[in-house]
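A.B. asks: One structure coming up, written as structure tokens, with questions to follow.
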Amino acid sequence: MFLPLSRLPIPGYILVFTGYAVLGLWVAGEAGRIFGTKDASPIVIDEIAGMLLTYCAIPVALLPLVIGFLGFRLFDICKPLPQLERLPGGWGIMLDDLFAGCLAQGCLRLLLFLWGS
């Protein structure tokens, strides 16, 4: 999903990402209600939104994509702000991964800056 979106101008990418994240709040909440558990494994809209945030305005090249993925997974698993998961409905499902994406984006930008890319 990222590769076609990466061709958009940055404001367009941000607009699509924002719409996806807002839609994800509702979808994740409804899916959690349907599955009877919060953040059930079939719910992946939160991971997709987190990855889209990680890759926002990042060069499309193998190394940044791999580092971004690994950074996102690290922060998604470590849960630096576990209280986000306790938020009601889709908020807890989505914000947890959006925060992981934000941290991964920041680390990736720092690494790209230090490497001079």
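A.B. asks: Looking at (1) outside any helix (DSSP H, G or I); (2) within 16 Å of Q105 (Cα to Cα); (3) open to solvent by less than 40 Å² (accessible area, probe 1.4 Å), find the lone condition where A57 falls short.
C.D. replies: (3)
A.B. asks: Out of I67, I34, I48, I need the residue that is open to solvent by 80 Å² or more (accessible area, probe 1.4 Å) and not in a loop (DSSP other than H, G, I, E, B). Which one?
C.D. replies: Values: I67 fails: open to solvent by 80 Å² or more (accessible area, probe 1.4 Å); I48 fails: open to solvent by 80 Å² or more (accessible area, probe 1.4 Å).
When all the criteria are applied, what remains is I34.
A.B. asks: Tally up the residues in segment 1-10 that are under 23 Å from L103 (Cβ atoms), open to solvent by 70 Å² or more (accessible area, probe 1.4 Å) and either part of a loop (DSSP other than H, G, I, E, B) or modelled with pLDDT of 95 or more (or both), please. It would help to see each step written out before you state the result.
C.D. replies: The initial filter retains those residues of segment 1-10 that are under 23 Å from L103 (Cβ atoms), namely 1-3, 5-6, 10.
Narrowing the set further to residues that are open to solvent by 70 Å² or more (accessible area, probe 1.4 Å) leaves 1, 3, 10.
Filter once more, so that each one left must be either part of a loop (DSSP other than H, G, I, E, B) or modelled with pLDDT of 95 or more (or both): 1, 10.
So the answer is 2.
A.B. asks: If I filter segment 70-117 down to residues being at positive phi and in contact with a helix residue (DSSP H, G or I) (Cβ under 9 Å, 6 or more places away or on another chain), which single residue comes out as surrounded by the fewest Cβ atoms within 10 Å (Cβ to Cβ)? Reasoning before the result, please.
C.D. replies: In the first step, residues of segment 70-117 are kept if they are at positive phi; the result is 79, 89, 116.
Imposing the further condition that a residue be in contact with a helix residue (DSSP H, G or I) (Cβ under 9 Å, 6 or more places away or on another chain) reduces the set to 79, 89.
Details: K79: 13, G89: 15.
Here the answer is K79.
A.B. asks: When you look at G19, is it surrounded by fewer than 12 Cβ atoms within 10 Å (Cβ to Cβ), within 15 Å of the chain's Cα centre (by Cα), without any contact (Cβ under 8 Å) to a residue 24 or more places away in the chain and not in a loop (DSSP other than H, G, I, E, B), yes or no? First the steps, then the outcome.
C.D. replies: Values: surrounded by fewer than 12 Cβ atoms within 10 Å (Cβ to Cβ): yes; within 15 Å of the chain's Cα centre (by Cα): yes; without any contact (Cβ under 8 Å) to a residue 24 or more places away in the chain: yes; not in a loop (DSSP other than H, G, I, E, B): yes.
Criteria met by G19.
A.B. asks: Scan segment 37-58 and give yes if some residue there is among the small types (G, A, S), at negative phi and modelled with pLDDT under 95, otherwise no.
C.D. replies: yes
A.B. asks: Restricting the search to segment 34-55, which residues are of a type outside the set (A, V, I, L, M) and touching a residue at least 40 places away in the same chain (Cβ under 8 Å)? Outline the logic, then answer.
C.D. replies: Going residue by residue through segment 34-55, those that are of a type outside the set (A, V, I, L, M) are 35-39, 41-42, 46-47, 50, 54-55.
Correct list: K38, D39, D46, E47, G50, T54, Y55.
A.B. asks: Would you mind stating whether F113 is within 25 Å of L8 (Cα to Cα) and free of Cβ contacts under 8 Å to residues at least 12 places away in the same chain?
C.D. replies: Working: within 25 Å of L8 (Cα to Cα): yes; free of Cβ contacts under 8 Å to residues at least 12 places away in the same chain: yes.
Yes: the conditions hold for F113.
The values are calculated or read from the model by the stated rules, or taken from the named source; none is laboratory data. These figures come from a predicted structure and were not determined experimentally. Cβ: placed from backbone, ideal geometry, glycine included. Neighbour counts: every protein chain shown. Heads up: the accessible areas ignore ligands, DNA and RNA and are worked out on the full protein's heavy atoms, side chains in. Shrake-Rupley method; radii C 1.70, N 1.55, O 1.52, S 1.80 Å.
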